[in-house]
Amino acid sequence: MQSMQGEKFQRSVRFQKRHKRKFKATRNHHHFLLPRSRGGGMSLNNLLLIDIEKHEKWHALWGNRTADEILDLLTRVVRAKKNQHH
Ligand SMILES: [Zn+2]
């Protein structure tokens, strides 16, 4: 999928990277749902606009996990707790 809107958006991502300081005032970051380091692309459906501080905390807590991997992890934690007998 490479719509005009997608291209425009990708240009804005590059623009934002070049002008980090200015954009810090907007307090938004682009988060890659599948990290770039794991082959994630620049397409719209791989990007999430997220508050800067939340973004930092997201990665502090979840590293480079995808949302699906985080859900799996939480599901396992909940299941394990439910099966805990003591
Ligand atoms: Zn991120």
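Could you grab me the full set of residues in the range 32-75 that are in contact (Cβ under 8 Å) with a residue 24 or more places away in the chain and outside any helix (DSSP H, G or I)? Working first, answer last.
Within the range 32-75, the subset in contact (Cβ under 8 Å) with a residue 24 or more places away in the chain is 33-35, 37-38, 42-45, 47, 51-53, 55, 58, 64, 66-67.
Within the range 32-75, Leu33, Leu34, Pro35, Met42, Ser43, Leu47, Asp51, Asn64, Thr66 meet the criteria.
Filter the range 30-86 down to residues that are farther than 22 Å from Arg14 by Cβ and among the hydroxyl-bearing types (Ser, Thr, Tyr) and give me whichever is nearest to the ligand (Cβ to nearest atom).
Thr66
A short reminder: the numbers here are calculations on the coordinates, not readings from a lab. Here the structure is a predicted model, which means the values were calculated and not measured. Cβ coordinates were reconstructed from backbone atoms using ideal geometry, including for glycine residues, and neighbour counts include every protein chain displayed.
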